[in-house]
1. Quick one: which residue in 196, 250 is assigned to a helix (DSSP H, G or I) and among the aromatic types (Phe, Trp, Tyr)?
2. For segment 337-368, how many residues meet the condition of being under 25 Å from the mean Cα position of the chain (by Cα), under 21 Å from residue 268 (Cβ atoms) and among the β-branched types (Val, Ile, Thr)?
3. Write out, first by first residue and then by second, each pair whose Cβ atoms fall under 8 Å of each other, whose residues are 6+ apart or on separate chains, and whose first residue, in segment 318-335, is within 15 Å of residue 118 (Cα to Cα) and in contact (Cβ under 8 Å) with a residue 40 or more places away in the chain while the second is polar (S, T, N, Q) and part of a helix (DSSP H, G or I).
4. Six or more apart or on different chains, Cβ under 9 Å: which pairs go from a residue in segment 264-278 that's surrounded by fewer than 17 Cβ atoms within 10 Å (Cβ to Cβ) to one that's acidic (Asp, Glu)? Could you list them?
5. Need pairs with beta-carbon distance below 8 Å; first residue on the phi > 0 side of the Ramachandran plot and within segment 383-410, second part of a loop (DSSP other than H, G, I, E, B) and surrounded by 12 or more Cβ atoms within 10 Å (Cβ to Cβ); sequence gap 6+ or separate chains.
6. Would you be able to tell me the number of residues in segment 22-57 that are closer than 24 Å to residue 485 by Cβ and either assigned by TED's automatic domain parsing to the domain that holds residue 491 or assigned to a helix (DSSP H, G or I) (or both)?
7. If you go through segment 163-187 one residue at a time, how many are under 32 Å from the mean Cα position of the chain (by Cα) and either assigned to a helix (DSSP H, G or I) or surrounded by 21 or more Cβ atoms within 10 Å (Cβ to Cβ) (or both)?
8. Specify which of the listed residues (114, 69, 83) is within 30 Å of residue 156 (Cα to Cα), in contact (Cβ under 8 Å) with a residue 40 or more places away in the chain and of a type in the set (Val, Ile, Thr).
Amino acid sequence: MDFKTEIAKKIGKQIDMEHDKIMGLIEIPPQTNMGDYAFPCFQLAKVMRKSPNMIAAELSGKVQPDGIVEKAEAAGGYLNFFVNRKEYIRQLIGEILLKGGEYGSSEDGKGKNVIVEFSSVNVAKPFHVGHLFNTMLGNALEKVYRHSGYNTIKINHLGDWGTQFGKQISAYKRWVNEEALGKEPINELFRIYVKFHEEAEKNPALEDEARAYFRKLEEGDPEVTELWQKFKELSLGEFGKLYEALNVEFDSYAGESFYSDKMDEVVILLRDKNLLKDSEGAKIVDLGQFNLPPILILKSDGATIYATRDLAAAIYRKRTYDFYKNIYVVGGTQSLHFNQIFSTLGLMGFDWSKDCVHIGHGLVKFADKKLSTRKGDVVFAKDVIDEAIHKTMEIIENKNPNLEKKKEVARKVGMGALIYTFLKNNREKDVVFNWEDALNFDGDSGPYVQYTYVRGRSILRKAGDVSDSADLSYLSTEDEFQLVKLMGAFKDSVREAVERYEPFVVIRNVTEIAKAYNKFYNTHPILNADDNVRNARLQLTKAVGIVIKTGLGLIGVDTPENM
């Protein structure tokens, strides 16, 4: 039973309003003494021709106590509901224990396909911390959508086409060290790419050479195509190691090159709609009616650009997947580009363009270090991951040197610290990263939440066999009820994360659960309590573990059994 839904039904019997709208208006009061759920009556004032205070007072008198609601009170323009605590605790813990890792899931997205494009790394360039943030965010979004019943398709739209490959080929032919390429392919490819830009500043003719090489690639020149394929295979081999460390998999690696034979149709469609305009030899689409600058479709030399490929990709995805939503997880700096793409699709007559969504995110900062793949000043994702695991191992060696499976625990905790830190705030905020905060076992961090889970598991192991027939009415303290309420809010946090494209909502809820459990643990005995209380608190502990593990799993964090 969902208490919020049942309360919405009670309200619906008294007023003329759709159930879904009532559900959307119900709030959680800011203070516990104001009740457990609150319904604002302000929207009813105009229809009922009464003040919100009078409406709330009238409605409160019509609510009868039962197994769901203990009482209802009017407070200003709000109708506050106090749930039947014993029944709430019994129902909720029972549901968590029954559903296990499926707790918080729903069928909201049943029958709906959602594409999540994320990571989208560039072939022959480093997988840097910006990609790391993007990959973690996209992975978490896909998981919360899947938990909500949607059929998700994970796409890694590889940056494997464009003039930069002309530059890469030119650099390869001039400066590559084959031995270094064999040992550390990305480092070597990146080194010569940076060198190309340094040399091109002194010799601008190199830029013309690069453009010529890319034209050969577009024309299918065998030698150039073979080199391009080599860069791609070497890159995917290295990227695969990072995805394995992140426990990330993709359903498709269809990148920009996949659409190279699908762009002529885009140009034809635009021309047929009389949307293609000449601009100094190039072809553009005028987006002035949207207060946007024009979008470039073909360069003056006839070459395509990534905008053309993005248009082709969107059309292909709709035809192939018939998506309900087509979500692009790409840095916030690309918002103009996606506004142009979606507006152009709309002009082309595709009404599904409104179902394409750009999910922007902030930057990652390390002591004001800026990322630039042209100048070489870049923080490699691999280095950050290795450092996280290394620093975690040092903490384990210092605090618990006899811990079993230390390497596995260090990996889970180190990666958990990274993911939590990158995703704990609004996605549009910049991440200012420092190791002290990320690996703090006592604060707002991944290790803190993971340790709370481990603490609960340790208690359950010490308890031995835990009776499933515990009388949960013995969970009667305020701390216990508030803890259960937070677990009840987990379902809403998943739904909100989907609606807002914000995984941090789930993290916030799980962190509050961890804090509430630790408060409960430090205040109330569990193993040494009377038998009935002990059994009930062990069931509560088991439920807390399930919700924490599920919540952390939804953002891509593994939970160790020991720390």
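The values are calculated or read from the model by the stated rules, or taken from the named source; none is laboratory data. All figures in this text were calculated on a predicted structure; none of them were measured in a lab. Don't worry about glycine lacking a Cβ; one is built from the backbone with ideal geometry, like all the others, and counts go over all protein chains shown.
1. Values: 250 fails: assigned to a helix (DSSP H, G or I).
Just a single option satisfies the conditions, and that option is 196.
2. Going through segment 337-368 one residue at a time, the tally reaches 1.
3. Close Cβ pairs satisfying both conditions: 329/134; 330/134; 331/134.
4. Note: pairs meeting the criteria are 277/286.
5. Short answer, once both residue conditions are applied: 405/562.
6. First, pick out the residues of segment 22-57 that are closer than 24 Å to residue 485 by Cβ: 22-41, 56.
Filter again for either assigned by TED's automatic domain parsing to the domain that holds residue 491 or assigned to a helix (DSSP H, G or I) (or both), leaving 22-25, 32-34, 56.
The number of residues fulfilling the criteria is 8.
7. Step one: filter segment 163-187 for residues under 32 Å from the mean Cα position of the chain (by Cα), giving 163-165, 184-187.
Filter again for either assigned to a helix (DSSP H, G or I) or surrounded by 21 or more Cβ atoms within 10 Å (Cβ to Cβ) (or both), leaving 163-165, 185-187.
Number of matching residues: 6.
8. Details: 69 fails: within 30 Å of residue 156 (Cα to Cα); 83 fails: within 30 Å of residue 156 (Cα to Cα).
Answer to the check: 114.
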